[in-house]
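Single-structure report; data block below.
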Amino acid sequence: MIQSQKLTEDETIILLIDYLAKDGWNIDSHCLGQIRGCDIIASKNSQKFFIEVKGAKAGDASPTKKRIFFDSGQIKTHFGKAIVKILDDKYLHPNATFAIAHPNDTLIKKAIGHLTPSLKLLGIQHFWVAVDGTVTAD
């Protein structure tokens, strides 16, 4: 259950998994908490889908939680790390599909919303995930 309007990474992953499953994707694996790896790996037919997910705030159990929600500097740093992670995954799995997902959040859109359409040039999709589970793409 979503506890606030600011989604954590885990909450965003859970909402996105539900959306993907309804769209016919099988969820092969996902990472919650401090587990390392690709946040969501899904498959449909013979297509693999790798998705890196970011949140608007740290989870309550996060050992690094210092703020109520991420500021623009943190949002940009997380976005940069997600791009590098996806590019690394693209190198390892050249025939797969790739995306980065963020909560549909005003501060995140202000910080990086003008940048997300450029991901298409890298062959990376981008999703905005709303608290109600609605997912939209750039």
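The values are calculated or read from the model by the stated rules, or taken from the named source; none is laboratory data. Values in this document were obtained by computation on a predicted structure and should not be read as measured data. Cβ: placed from backbone, ideal geometry, glycine included. Neighbour counts: every protein chain shown.
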Using beta carbons and a limit of 6 Å, which pairs, at least six apart or on different chains, have the first residue in region 108-120 and surrounded by 20 or more Cβ atoms within 10 Å (Cβ to Cβ) and the second one among the acidic types (Asp, Glu) and part of a loop (DSSP other than H, G, I, E, B)?
116/138
Please determine, by comparing only the residues of region 32-75 that are at pLDDT below 95 and not in a loop (DSSP other than H, G, I, E, B), which one is surrounded by the fewest Cβ atoms within 10 Å (Cβ to Cβ).
73
Can you name the condition, by its number, that residue 94 falls short on among (1) loosely packed, with under 15 Cβ neighbours inside 10 Å; (2) touching a residue at least 24 places away in the same chain (Cβ under 8 Å)?
(2)
Considering only region 91-106, state which residues are touching a Phe, Trp or Tyr at 6+ places or on another chain (Cβ under 7 Å), closer than 17 Å to residue 127 by Cβ and of a type outside the set (S, T, N, Q).
96, 98, 99, 101, 102
State which residue pairs qualify: first residue at positive phi and inside region 18-44, second residue surrounded by 14 or more Cβ atoms within 10 Å (Cβ to Cβ) in any location, beta carbons under 7 Å apart, and separation of 6 or more residues or different chains.
33/10; 37/31
